[in-house]
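Accompanying notes for the structure given below.
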Amino acid sequence: MLYWLPRLCLFLLGAAVVGLGVLQLTSEDIANTLIVVILGLGLFSLTLHVFPPERY
């Protein structure tokens, strides 16, 4: 569960920024940002899968 906490917080922060309209972004900017966030979380998950913290 601890590994999901940073992902959840990042998702909630992104949703709050977009939902509250803190930044004046176009839909293309939001889509690009979400793609980068999803790719980053995917790489983080892959890194944890390849190098589990319990082993190293």
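The values are calculated or read from the model by the stated rules, or taken from the named source; none is laboratory data. Computed from a prediction, not measured in an experiment: that's the story for all the values here. Counting neighbours? That spans all protein chains shown, and the Cβs are built from the backbone with ideal geometry, glycine included. Accessible surface areas use protein heavy atoms only, side chains included; no ligands, DNA or RNA. Shrake-Rupley method; radii C 1.70, N 1.55, O 1.52, S 1.80 Å.
Data table
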read-out	value
In the stretch 26-55, the residues that are of a type in the set (Phe, Trp, Tyr) and either on the phi > 0 side of the Ramachandran plot or surrounded by fewer than 12 Cβ atoms within 10 Å (Cβ to Cβ) (or both)	PHE51
Inter-residue pairs, beta-carbon under 9 Å, first under 29 Å from VAL17 (Cβ atoms) and free of Cβ contacts under 8 Å to residues at least 40 places away in the same chain and in the stretch 33-56, second open to solvent by 100 Å² or more (accessible area, probe 1.4 Å) and part of a helix (DSSP H, G or I), 6+ apart	VAL37/PHE11; LEU41/PHE11
Unmet requirement for LEU13, which otherwise passes all of (1) modelled with pLDDT of 75 or more; (2) open to solvent by less than 90 Å² (accessible area, probe 1.4 Å)	(2)
